[in-house]
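Read through the structure below, which is laid out as structure tokens, and then see the notes.
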Amino acid sequence: MKYRKDHPHSQYPAYLSEGLPSKLSPREFCEKTERSIEYPDAAQFDDKSELLKEVISEIDWFRFIRQEHYELFNSVLTMLQRTYQWRYPTDPSYVSWMYQVAMDPKSAAPQSNAVSDTKVIVGPTGFGKSTMVTHILTSTFEQVVCHDKPDFKDLQIVYLMVRIPHDANRAELIARLLFQMDTLIAQHGGPQMNYAARVKTKNGKRIPIAEMINILKTALVRHHVGLILFDDVQHIEVLKGDELTLMKQLFDEISNDLKIPHIKVGTPNMLPLFQEYGSNLRRLGRIFEFTRIESPEEINELNSALFNELEKAVAVESLEEVKEELWFQSAGIPATLFDLLRASIDVAISTRKLLSAKLVGETMRKEYPHMLRFVHNIREKNASRPIDSMTVNEMYQHNRMNKFKRVRKVLNTHGVKGPAAKDAVAHVENLIASQSVSHEEKELLKDFASELKAKQLIENGSQTIEGSIVLDASQNLDGTGAPNEP
């Protein structure tokens, strides 16, 4: 990257910045990150288990790239450029600071105006946050750069990725970071550092946490780490009082003392944990959200990429109905759609059944019950409130089949006929044509519409919708509420 001529350190080579990719155009980014799918021909397989393995492997490999992924790449690239723009590894003042950190990890960075960015990638469980972030990083950035200059022969670790332990134990988190650094250095022919071993005593116990943090800081600076991605940050919600404060302090020390940016990935549950004080909220950084697919253009594009040759590998009852059901059940969440497609194909091939809309709906309820209420909220209320766990009873409280049956009873009880029935038919048919109902619900509504069509030919009886009861009832089919039974 280019630097101002009057930059106080411009006389030294920007070796660390040389390890970063150039800015990519959208086309170049897609070429690096998109993965097409090639389904196997079922006729070539005698062993259905082998066929299933090949089909699932293709879906696992597939990546559908969107504009928001390109924006995330550019944001990560900027974070790395900004942290490396002041780090000149042959500058005596920088080298001196690296040694000072080894003795005093709280030593001030050589540039007081150095910027360390933070970012949060947030989304409910099942949105594919970790999968896509990992894919973008591994597809567009070298994780380790081996420098071989006359005056600089270090290994540069561009980024680290670590999951927060379920119990949010700081010592375990630090040990995971150090072990990952040991592994990367060994894989690229570097010296045997044994950082993970250094934080243990001879009897296998861990040294005091303060000493572990000092070793971590020394290692991060020594190997020029540019970015840390912390995954499953919502796990820190199990911490209370001082332990929670100390975990947030660890994030801050890496960012503020070492000027190393980081990205926190997790569910929205983590956001309130950083909102107690304004400084915590500021350090949380810019919030980035992956969105569901809603536009007809993107839906058609994904359908074309994912389903065009599916019938070559799997026997399908009605491809259009299967696609509609997958979009309905997943509420347009790409990762959920892919997971549900995999699971449904598994059932279809393993049991030698046709892949059908009904099978997709049944698989969703059986395999992904934890997602039911969340996708319900998205479909019915256009809400994004995450719900990561619930009881089976709570999930099925949101089953609208009972609502449809109650509406049907209301209309039958009030004896709707003639023009009133015609109005109700129009509303029911609009609902059948929409993307907001499942295959099972559509089948019930089709029967309902047939009954109403027969009644609209009957001239005797109610010709108006008295008290708007029938109109209210039919309109409540779209999820705006459920009528009371008479």
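Tabulated values for the structure
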item: Filter result for Glu380 (of a type outside the set (Val, Ile, Thr), at pLDDT 80 or above and within 23 Å of Gly128 (Cβ to Cβ)); result: no
item: Count of residues meeting criterion [touching a His at 6+ places or on another chain (Cβ under 7 Å) and closer than 18 Å to Phe179 by Cα] in segment 230-253; result: 1
item: Test set (1) buried (at least 16 other Cβ atoms within 10 Å of the Cβ); (2) in contact (Cβ under 8 Å) with a residue 40 or more places away in the chain; (3) not small (Gly, Ala, Ser) - Asn169 fails condition number; result: (2)
item: Residues (surrounded by 15 or more Cβ atoms within 10 Å (Cβ to Cβ), in a helix (DSSP H, G or I) and in contact (Cβ under 8 Å) with a residue 24 or more places away in the chain) located in segment 174-203; result: Ile174, Ala175, Leu177, Leu178, Met181, Leu184, Ile185, Tyr195
item: Filter pass, His224 being part of a loop (DSSP other than H, G, I, E, B) and crowded, with 21+ Cβ neighbours inside 10 Å; result: yes
item: All positions within segment 293-313 that are outside any helix (DSSP H, G or I) and either more than 19 Å from Ile378 (Cβ to Cβ) or of a type outside the set (A, V, I, L, M) (or both); result: Glu294, Ser295, Asn308, Glu309
item: Some residue of segment 225-246 being within 29 Å of Asn74 (Cβ to Cβ), without any contact (Cβ under 8 Å) to a residue 60 or more places away in the chain and out of contact with any strand residue (DSSP E or B) (no Cβ under 6 Å at 6 or more places or on another chain); result: no
item: Residue in segment 73-82 that is in the same structural domain as Pro150 (by TED's automatic domain parsing) and modelled with pLDDT under 90 present; result: no
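The values are calculated or read from the model by the stated rules, or taken from the named source; none is laboratory data. It should be emphasised that the depicted structure is a prediction, and the values quoted were computed from it without experimental measurement. For neighbour counting, all protein chains shown are included, and Cβ atoms are generated from backbone atoms with ideal geometry for every residue, glycine included.
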